[in-house]
Amino acid sequence: MKILVYIETYEGNLRRSALELLSYANDLNKGTGGSVTALTGTGAGEEIISCLARYGANKILIADGTGNPSTNFSSQAETIRQAVEKENAEIVLFSGSVAGKAIAPLVSAKLKAGMVSGIYALPVSYDPFTINKKVFSGKVIATVKIKTPRKVLILLPNSFKPLENPVPEVTETFAAEPSITSPKGIPGIRIVDTVKTSDQIKLSEAGVVVSGGRGINSRENWQYVEELAGLLGGATACSRPAWDDGLCPHDGYVGQTGKVISPNVYMALGISGAVQHLAGISSSKLIVAVNKDPNAPIFMRADYGIVGDIQEVMPRLIAAVKAFRPASVEGSVS
Amino acid sequence: MKVLVCISHVPDTETKIKLTPDRSSVDLSEISWIINPWDELGLTRAVELRKEHPSQIESLTVITVGNGETEGTLRKALALGADKAIRIDATPPDSWYVAIQISELINREYFDIVLTGIESSDFNGYAVGGMLAELTGYACLPNVSLIDLEGDKVMVQREVEGGKEKLEAEVPFIAVIQKGIASAPGIPSMRGIMESRKKSIEVIPPVVADHLTEYNSYELPEASKECRIITDSNYNELVERLHAEAGIA
């Protein structure tokens, strides 16, 4: 199949999700043959280009108008549409990032291509094209058939491991025509101010997330969350009750209406595990819970549990991590 | 300004989901229904906006695509403060179908501000808002966590990768709502409930539309293994296991 992958960068660096998408695309093509085109913006430097080829992008298409997701989503979607037409791609792949989830439905509508979000594995069948996705916030798995020849897929972060698959470096630049599909044009949108909260980006892609709940008890105890996350090269997060109580420095929380994440390991510290919280973490591969209440619902979902008070458990757990490997681990790929 | 809030009628998020015996659909028999949490936050903010700027918000309409069973959910939206509810009488097969139906109404009636939740808590599609923008030609403002009126300007804050942007936006636009837009969902007052009974729910027939995807079968994820309780003496073993199973530490 011909696959087009929408590559996201952040502050000049390739995002880990981009490599996950390329590995997914390569695996999709394993049975059927085909090619993978990586669509990136003009800002992509030499290092990014060679990395894309190393992870299996047969062609790197450098387009004007992509690569900076904070500007105009509609015009980016139009650029992607034109790239899809030009490459005659059957599958368009996005990551389930803030930008991916925003742009993919616009592209889906422009191409009238069936879209499935929240995918985490290869298709169940190629013809007809059916694929599994999580629904009801992870409580159910649905098998969805895409009826259209073109398909838009949004891959859950951390669901596919980036694997090198070097191919020759082929690049092509491409200038998209200005949008012709939007009759009303883009009304004036003026950016007045931007605020950076850069831990947010880390959270959606982090392999390890250390998260604090109301059981953290005090702002002072938040240091345990930070320290463990630092040792494991992970990101920090919190539950809604901890957020409401101001126990954590975060801008948002993980849960049903908050951030939905899919790390390899989720460490729930002092989080009871209300249904709304579990909805945000149900795609985590391993869950470790620390809670003083042995009947807390989080233990129903956790793979490993420690029953005890945060203040007593954490220093010992942190010591055990340090003992396993004394030096702190380098952070994950940015 | 005319405001439209798109409502998805979804099972209560606390509901335990069961499947029909042939697994071709979700068993809807014992489910209680709610307004999709993100849509409810969007509606709450729209009601607040009108309280804050009564002269500027001329009307507040809610719309859903659904059969007669969704009327309880629309009544709740009316009780929360919407003036009028519209129900497009169809059982929607996918997001594209929903977007087509709602875009027909927007194209016919015009709204200045259209609010949709970023996803629905049942099918988690992340689709309708963006599709609506394409189908109507309205600007799409994704990941919106704040809307305010300052004089005759509409101020919007949206989340972007690694931060936030504050925007001054010209109408019309579609704002895709995420957390933060309202601090908590509104609670209908007794007066709101009484008044909602007098408000109308307009039922309109659907237009002919395709669906691009089909939900054919469902399964419940494997029950997670029993939680292994770690005691003081084997924290080291936990770290080793996390290293072996997930490559951490």
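What follows draws every value from the coordinates through simple rules; no lab data is involved. All of these numbers come straight from a predicted model, not from anything done at the bench. Cβ sites come from the backbone with ideal geometry, for glycine too, and all protein chains shown count toward neighbours.
Length gained on full extension, A:Arg54 to A:Ser218: 54.4 nm, using 0.36 nm per residue less the C-alpha separation.
Roughly speaking, what is the stretch gain from B:Val203 to B:Asn234, that is 0.36 nm per residue apart minus the C-alpha to C-alpha distance, in nm to one decimal?
So the chain would gain 4.9 nm between B:Val203 and B:Asn234.
Is there a pair in A:Lys147/B:Lys225; A:Lys86/B:Lys166; A:Lys101/B:Lys76 whose C-alpha atoms are over 32 Å apart, and which pairs would that be? In this structure, A:Lys147/B:Lys225; A:Lys86/B:Lys166 exceed 32 Å between Cα atoms.
Evaluate the Debye formula for region B:115-249 with equal point scatterers sitting on the alpha carbons, no solvent, and hand back log10 of I(q)/I(0) at q = 0.19 Å⁻¹, in q order, two decimals. After summing over all Cα pairs, the log10 values are -1.20. Calculated on the alpha-carbon coordinates, the convex hull of region B:1-68 measures out at 99 cubic angstrom per residue. Take the Cα of A:Glu47, go 7 Å toward its beta carbon, and the backbone nitrogen atoms of region A:2-26 under 17 Å from that spot belong to A:8-19. Going down the table (A:Lys30/A:Lys145; A:Lys59/A:Lys151; A:Lys161/B:Lys164; B:Lys2/B:Lys199), which pairs top 27 Å between alpha carbons? Violating the 27 Å limit, Cα to Cα: A:Lys161/B:Lys164. Rg and Dmax over the alpha-carbon atoms of chain A stand at 21.1, 63 Å.
Gain on full extension, evaluated as 0.36 nm per residue between B:Glu170 and B:Ser183 minus their Cα-Cα distance, stands at 2.2 nm. The distance from the alpha carbon centre of region B:8-79 to that of region A:229-275 is 27 Å, rounded to a whole number.
Hydropathy first: keep DSSP H helices in chain A averaging at least -1.0 on Kyte-Doolittle, then drop any whose Cα extent along the axis falls short of 20 Å, and list what survives.
Length and hydropathy pass: A:16-32, A:73-87, A:98-111, A:310-324.
Modelled label positions at B:Leu220 and B:Ser32, each set 7 Å beyond Cα in the direction of Cβ, lie 2.1 nm from each other.
For chain B, list the DSSP H helices whose alpha carbon atoms reach 18 Å or more along the long axis and whose average Kyte-Doolittle value is -1.0 or above? All intermediate terms of the calculation are to be shown ahead of the outcome.
Numbers: long enough: B:37-52 (22 Å, -0.82); B:95-109 (21 Å, 0.07).
Once both thresholds are applied, what remains is B:37-52, B:95-109.
Label separation (A:Asp293 vs B:Ala244): 3.3 nm, computed from points 7 Å beyond Cα along the C-beta direction. The residues neighbouring B:Glu245, those whose beta-carbon lies less than 9 Å from its own, together hold a net charge of +1 under the Lys/Arg +1, Asp/Glu -1 convention. The convex hull built on the alpha-carbon positions of chain B has an orientation-averaged projected area of 18.1 nm².
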